[in-house]
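Below is one structure; the comments refer to it alone.
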Number of protein chains: 2
Amino acid sequence: MEHKTASADEQEDGAAGEASGGLDARVGRIVRQTLADQVYGDLKEILLAGRAAPGERFTLRGLASAIGTSAMPVREAVSRLVAENALEVLPNRAVRVPLMPRARFQELRLIRCSLEGLATEIAVREATDVEVAEVERFERLFAAERDKPAPDGAVAMCHNKDLHFALYRAAHLPTLFQMIEGLWLQIGPVLNLDFRAGPERVRQGEAHIRHAAIVAALKARDPEAARVALVADIWSAGDFILSRDVLPD
Amino acid sequence: MEHKTASADEQEDGAAGEASGGLDARVGRIVRQTLADQVYGDLKEILLAGRAAPGERFTLRGLASAIGTSAMPVREAVSRLVAENALEVLPNRAVRVPLMPRARFQELRLIRCSLEGLATEIAVREATDVEVAEVERFERLFAAERDKPAPDGAVAMCHNKDLHFALYRAAHLPTLFQMIEGLWLQIGPVLNLDFRAGPERVRQGEAHIRHAAIVAALKARDPEAARVALVADIWSAGDFILSRDVLPD
DNA sequence: GTCTGCTATGTGTGATCACAGATAACAGAT
DNA sequence: ATCTGTTATCTGTGATCACACATAGCAGAC
């Protein structure tokens, strides 16, 4: 029915009176942060940073006591992560970070190429100048880490993530961004295996070449070239991981 | 570390003894069905079938008493749906099925073209003969409903969904399929607006043309043609909804 | 009549308790 | 020594209770 009038007004504004002038305009909106949201964010960060190994198991009560809350918020956070395939519950009701069989890894790579390629194309067309500059900044940070005498894999991985995410954010498509984030949540634990493989990975890898190509295409506003470079980046990084024999099946 | 040895064995088999011969091999595995899973499935079905209007609000306790359980399983099910953007919680902590602003609808259409296009391409290459036959069957059911004197929009919509999902399932990529399902979960409530627009929508729509093209390309094993036809299907259906003025913003 | 402030009701959130089932350690038999 | 059956502990699941907060309804003042 009239779902249009039913809402869309209680979304942003709470003050029904005058819009500006008084004290009302100066107080920042308080953001509700439930405990479950907090736990969810923490687990997400752990997964994205690759600080959890595939197959690693944990318990609700253990997490709860570690954080200092009851099991309830943890339960809710885990439910969300399970819905996003970032965690899984075994038939025995045990919770763990999912394994990554080769087939699943290849499927995720395929999906990533499609979705992140799309985001890249659009970002190249829609990015503001400051967003372009930010992508370029992370590209330089990554390159700088690579050229160090003793590159730190974890730091490089972080810059890599920031570079990609800055690019995808520039597409200004929130749902697409969120879906990509969900994909990274799933591959995070294995990407970690890649970047912690040792400094030689960062050195001999072709990531910096792809990154340079992406940034060049971005500055030249060439969507197709950017997409091709990004797909090459994803694909070659995947090949490296597949070439090592760390994935089961 | 050795996450490989840590598991992958307690996944499928519970019997550690001999593989066959005894009674063990004949008993079917019991599937655990938690209450939360049940509620989750129910809500999912409601959303997919379009039996919930955008903006519609509900309460945990209300749902719980309607189903006959406590609020806890409902809470967990809602958490998952929220994580998938199929439901949303307002800052006031109210739960509702999300509104669909035009921009969001267009974004989802874009993502759908990318993901469902990918699934279609692969399905055309990977589908078995029985899967091809099943897609064709749903295509005929849809066409039959369309040619009736008084087509039923809901029935047509159901056949449409079955047709698409049978196609995507034939790609044999579980994660991709799940992501597409998540997208349909989000557009379900507005797709409903489309198909309930009246019989003339089913009649004058170009869906059946696209569907026929998809099936033809599938049988001819022409992935690119199938993808093009599918994208055209998604795009034109979206245009129809956009042309009506039911979406806010 | 309109607006302000209070009150009552209902909501989500989190804690705690009870229960079914799974894992693991252990005792006994072969 | 290996295997089997038992028991003890722990884990997820669901119910129930307590609390903070939002909304709606109502009374009072201007």
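The values are calculated or read from the model by the stated rules, or taken from the named source; none is laboratory data. In this text, all values refer to a predicted model and were calculated from it rather than measured experimentally. As a convention, Cβ positions derive from the backbone with ideal geometry for all residues, glycine included, and neighbour counts pool all protein chains shown. Surface areas here come from the heavy atoms of the whole protein model, side chains and all, with no ligands, DNA or RNA. Shrake-Rupley method; radii C 1.70, N 1.55, O 1.52, S 1.80 Å.
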> Can residue A:146 be described as in the same structural domain as residue A:164 (by TED's automatic domain parsing), open to solvent by 40 Å² or more (accessible area, probe 1.4 Å) and under 22 Å from residue A:239 (Cβ atoms)?
Replying inline: yes
>> Looking at the structure I just gave you, is residue B:109 assigned to a helix (DSSP H, G or I) and within 17 Å of residue B:210 (Cβ to Cβ)?
In response: yes
> Taking helices (runs of 4 or more DSSP H) that fall entirely within the stretch A:151-242, which contain at least 1 residues that are modelled with pLDDT of 95 or more and surrounded by fewer than 20 Cβ atoms within 10 Å (Cβ to Cβ)?
Replying inline: A:153-169, A:174-195, A:207-219
>> Restricting to the stretch B:58-77, name every residue that is within 14 Å of chain A (Cβ to nearest Cβ) and buried (at least 17 other Cβ atoms within 10 Å of the Cβ).
In response: B:58, B:73, B:74, B:75, B:76, B:77
> If you scan the stretch B:55-97, which residues turn out to be assigned to a loop (DSSP other than H, G, I, E, B) and within 17 Å of the chain's Cα centre (by Cα)?
Replying inline: B:84, B:85, B:86, B:87, B:97
> Under the condition of being of a type in the set (S, T, N, Q) and within 12 Å of DNA strand C (Cβ to nearest atom), which residue from the stretch B:78-104 is farthest from the other protein chains (Cβ to nearest Cβ)?
Replying inline: B:92
> Any idea how many residues of the stretch A:128-154 are in contact with a Leu (Cβ under 7 Å, 6 or more places away or on another chain) and aliphatic (A, V, I, L, M)?
Replying inline: 2
> Among the numbered criteria (1) within 19 Å of the chain's Cα centre (by Cα); (2) part of a helix (DSSP H, G or I), which single criterion is violated by residue B:103?
Replying inline: (1)
> Taking the condition open to solvent by less than 20 Å² (accessible area, probe 1.4 Å), under 24 Å from residue A:45 (Cβ atoms), away from DNA strand D (no atom under 16 Å from the Cβ) and charged (D, E, K, R), does residue A:116 pass?
Replying inline: yes
> From the residues in the stretch A:84-97 that are open to solvent by less than 20 Å² (accessible area, probe 1.4 Å) and touching an Asp or Glu at 6+ places or on another chain (Cβ under 9 Å), which one is farthest from residue A:174 (Cα to Cα)?
Replying inline: A:90
